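Have a look at the structure below, then the notes.
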Amino acid sequence: MNTDDINLAYKIRHALNDNLDKLPASTTDRLAAARAQALARKKADAPARGKQARQRAAFDVGSLFSMQWVARAAVVAPLLAMVAGMVGVYQYEREQRVAELAELDAAVLSDDLPLTAYTDHGFNAYLAQQQQAQQQPQRAQ
């Protein structure tokens, strides 16, 4: 209800209270029946919003097992699982990359060639010639 509706309800109540003695009995009976009908349809009262209600809610064990909590957990659990999975994949890929780099470093350091050979531009041409030379005898066979 907005403010205008509340003001209108107060004005109607005030007008009815002022003229209550002047209303015929049939009208008051119909108003009483309408009031009883309205009270029957009325929603349950909302809990008090005071300090005492907050204290009771803090220690309410029943609210821990409500369906609303389960619905929220059903949304959060897959998201947490997805994040954990992504972190796991990231860690696995990182470990694989470190292992590849360590293997490459070990191969370079244990090779007979000096490290400066790998930085020489002519060395790449030499390796290409060596590979071609190894492949030609294999084709001849």
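Read the figures in this text as sums done on the coordinates, not as results from a lab. Since we're looking at a predicted model, the values are computed, not measured. Cβ sites come from the backbone with ideal geometry, for glycine too, and all protein chains shown count toward neighbours.
Data for the structure
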{"item": "Charge tally in the Cβ shell below 14 Å around residue 12, where Lys, Arg are +1 and Asp, Glu are -1, residue 12 excluded", "result": "0"}
{"item": "Inter-probe distance in nm under a simple model that places probes 7 Å from Cα toward Cβ, at residue 39 and residue 126", "result": "10.6 nm"}
{"item": "Computed over segment 70-141, the ratio Rg/Rh where both radii use C-alpha atoms and Rh is Kirkwood", "result": "1.41"}
